[in-house]
Amino acid sequence: MELSSGLLGLFVSAFSSATILPGNSEIVFAAVAAEWPASIPAALTVATVGNTLGGLTTYLLGRFLPRKDFSPRLRWVERWGAATLLLSWVPVIGDGLCAAAGWLRVNVLAALVCMAIGKGARYAAIAALF
């Protein structure tokens, strides 16, 4: 497999992992890093961008959810705003945080920045193992 194919697969995996679809991007990231150690900076960028765009997609879908009664579970997201998206990488709850931020109309630029920082830090931690 070529590096470009590996990075494309990583992007698709990272994007889908940030939605309700399964993607296992950490495993794909580790495989790309192991196969092409010199490409770790490129893989880190591709994974972070793909995962952030997937999270932003979930955020935007959250904006389209009907506005109903406010769930007490959302108070934490309302209180801390975009900063909660530093945890958007966490399995299971990360997707919900992105959707909740969209539903609550958290500033999209702040949401994007916090998502990218959190998601990038996760991949950087994995990269540090190599």
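Nothing in this text is a laboratory measurement; each read-out follows from the coordinates by a stated rule. Computed from a predicted structure; not experimentally measured. We place every Cβ from the backbone using ideal geometry, glycine too, and count neighbours over all the protein chains shown.
A protection proxy built from the mean count of other Cβ atoms within 10 Å ranks the segments 4-13, 19-28, most packed first, as 4-13, 19-28. Helices that extend 18 Å or more along their long axis by alpha-carbon positions and average at least -1.0 on the Kyte-Doolittle scale are, among the DSSP H runs of the chain, 3-17, 40-63, 108-127. Based on alpha-carbon centroids, what's the gap between the range 95-124 and the range 12-60 in Å, whole number please? Using only Cα atoms to place each centre, the spacing works out to 15 Å.
Across the range 53-130, the relative contact order, built from alpha-carbon pairs under 8 Å that are at least six residues apart, equals 39 percent.
At an R0 of 30 angstrom, the distance between the Cβ atoms of residue 125 and residue 74 translates into a FRET efficiency of 0.60. For the chain, the relative contact order is 28 percent, taking Cα pairs closer than 8 Å that sit 6 or more residues apart in sequence and dividing their mean separation by the residue count. Loop sites here are trypsin sites (Lys or Arg not before Pro) outside DSSP states H, G, I, E and B with no more than 16 other Cβ atoms within 10 Å. The longest part of the chain free of them is 1-66. Entry note, the chain: the mean residue ellipticity at 222 nm calculated from DSSP H runs of n ≥ 4, each adding -39500 (n - 2.57), is -21500 deg cm²/dmol after division by the residues and rounding to the nearest 500.
Each of 32, 92 was scored by other Cβ atoms within 10 Å of its Cβ. Arranged with the fewest first, they read 92, 32.
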